[in-house]
Amino acid sequence: MIDPITKDKSKIYKKIEIILKTGSVGLEKITYDNSAMLISGNFIIIISLKGGHQEGEIYNLNEIKSYRTNLEKIVL
């Protein structure tokens, strides 16, 4: 079986960094390695493979100050 995240190799990045707004003035940096990112509607969805399973995190764009991807994409 082919994992859904590995079907489209152009969407897998070595690193994705998200800066979340916390409280009124706080910021938190979250990093994902070897993951895919999808922006849909008002959400960013981060998809990673963990222990042979696909795992996702969903963030509302209103909670995100910024994001950055490593421009070097993974080649599997």
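The values are calculated or read from the model by the stated rules, or taken from the named source; none is laboratory data. Predicted model, so just to flag it, every value in this text is computed and none were measured. Glycine gets a Cβ as well: all are built from the backbone with ideal geometry, and neighbour counts include every protein chain shown. Please note that ligands, DNA and RNA were not included when accessible areas were found on the heavy atoms of the full protein model with its side chains. Shrake-Rupley method; radii C 1.70, N 1.55, O 1.52, S 1.80 Å.
Filter the stretch 57-71 down to residues that are in a strand (DSSP E or B) and open to solvent by less than 60 Å² (accessible area, probe 1.4 Å), then give me how many there are. Let's see the steps before the verdict.
Filtering the stretch 57-71 down to residues in a strand (DSSP E or B) leaves 57-60, 64-69.
Retained after the next criterion (residues that are open to solvent by less than 60 Å² (accessible area, probe 1.4 Å)): 59-60, 64, 66, 69.
Looking only at that region, the number is 5.
In the set (1) touching a helix residue (DSSP H, G or I) at 6+ places or on another chain (Cβ under 8 Å); (2) open to solvent by 30 Å² or more (accessible area, probe 1.4 Å); (3) at pLDDT 90 or above, the condition left unmet by Gln54 is number (3). For the stretch 10-32, the set of residues classified as among the small types (Gly, Ala, Ser) and open to solvent by 30 Å² or more (accessible area, probe 1.4 Å) consists of Ser10, Gly23, Ser24, listed by residue number.
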